[in-house]
Amino acid sequence: MSNFKSNRDFLKDSLRKTINFRRSDQSRGIPTPSVEKGVPSDAIKIILPTREEWRESIPNKGVVSAIGGRKSRRSFSNTSLSLEELSFLLWATQGIRDPEKGIAHFRTVPSAGARHSFETYVFVHRVEKVPQGLYRFLPLSNELVLIYESDRSLEARLSEASFGQKFVATCAATFVWTTIPYRMEWRYLDAAHRVILLDAGHVCQNLYLACENIEAGTCAIAAYDQEAMDTLLRVDGEDEFTVYLAPVGKI
């Protein structure tokens, strides 16, 4: 019971009353942190279909149907996701709401202060036109950038990093969200970390509803080996680290 009180206090917003926000980096005039990590000039990229391009192939079952059918699914068929379906799921979870206006902070999911601290990684197992491997989504340009290609050990390592949950590695694609906390700390200081977790819920719920729309399924995963998953993603575990993941597959 000794940690319960401190953990419960973390869930409360009382901390906000003790923070002098005039001391934030934002208030001190420090430039806004980038909303997207940079990409090496020689990186391999895949251009994703735009909203206009996938709109005709993606069904629209309606929000009532999607909410009513939402459930956690751990069994998937061997059917591949189409590139259009993957693009739709990425748009639904971290896409730019009005790309023609070029406003990167306005996404399809809410975020405290429109800070959007997440990066989206996708382990591609069965997606048409996309070689197997680990990719990162680039919402500003609507592209995937290759981190590394799959090898024979990746499925086992991903399962092990998920505490042996094999379905995490045998689906069509595994979404993993990392956070770069400073994007939120820049404005909210010590109040940043609670809202980062709230934001993660918004993102994953959108994935659930989008999956229902394309006859796919997902299951939110919060139990994983932190160090092992960060290593698989090649992130440092301090300034960027895993906070949530979800396997996706056709049902």
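The values are calculated or read from the model by the stated rules, or taken from the named source; none is laboratory data. For clarity, every value in this text was computed on a predicted model and none was experimentally measured. No Cβ is skipped: glycine too gets one built from the backbone with ideal geometry, and neighbour counts run over all protein chains shown.
Things to note:
- Within region 7-35, being exposed (fewer than 13 other Cβ atoms within 10 Å of the Cβ) and either hydroxyl-bearing (Ser, Thr, Tyr) or part of a loop (DSSP other than H, G, I, E, B) (or both) holds for Lys12, Asp13, Ser14, Thr18, Asn20, Arg28, Gly29, Ile30, Pro31, Thr32, Ser34.
Per-residue answers, yes or no, for (1) touching a residue at least 24 places away in the same chain (Cβ under 8 Å); (2) part of a loop (DSSP other than H, G, I, E, B); (3) surrounded by 11 or more Cβ atoms within 10 Å (Cβ to Cβ):
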{"position": "Ser41", "(1), (2), (3)": "no, yes, no"}
{"position": "Glu53", "(1), (2), (3)": "yes, no, yes"}
{"position": "Asn60", "(1), (2), (3)": "yes, yes, no"}
{"position": "His105", "(1), (2), (3)": "yes, yes, yes"}
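- Here Tyr208 fits the description: at pLDDT 95 or above, touching a Lys or Arg at 6+ places or on another chain (Cβ under 9 Å) and not charged (D, E, K, R).
- For region 208-234, a residue qualifies if it is part of a loop (DSSP other than H, G, I, E, B), crowded, with 20+ Cβ neighbours inside 10 Å and without any contact (Cβ under 8 Å) to a residue 60 or more places away in the chain, but none of them does.
- Taken together, Gly102, Gly62, Gly68 contain a single residue that is under 18 Å from Cys219 (Cα atoms) and either more than 20 Å from the chain's Cα centre (by Cα) or modelled with pLDDT under 95 (or both), which is Gly68.
- Scan of region 124-156 for residues that are in contact with a helix residue (DSSP H, G or I) (Cβ under 6 Å, 6 or more places away or on another chain) and surrounded by 15 or more Cβ atoms within 10 Å (Cβ to Cβ), ordered by number: Val127, Phe137, Pro139
- Residue that is within 20 Å of Ala223 (Cβ to Cβ), out of contact with any strand residue (DSSP E or B) (no Cβ under 7 Å at 6 or more places or on another chain) and basic (Lys, Arg), where the choices are Lys129, Lys166: Lys166
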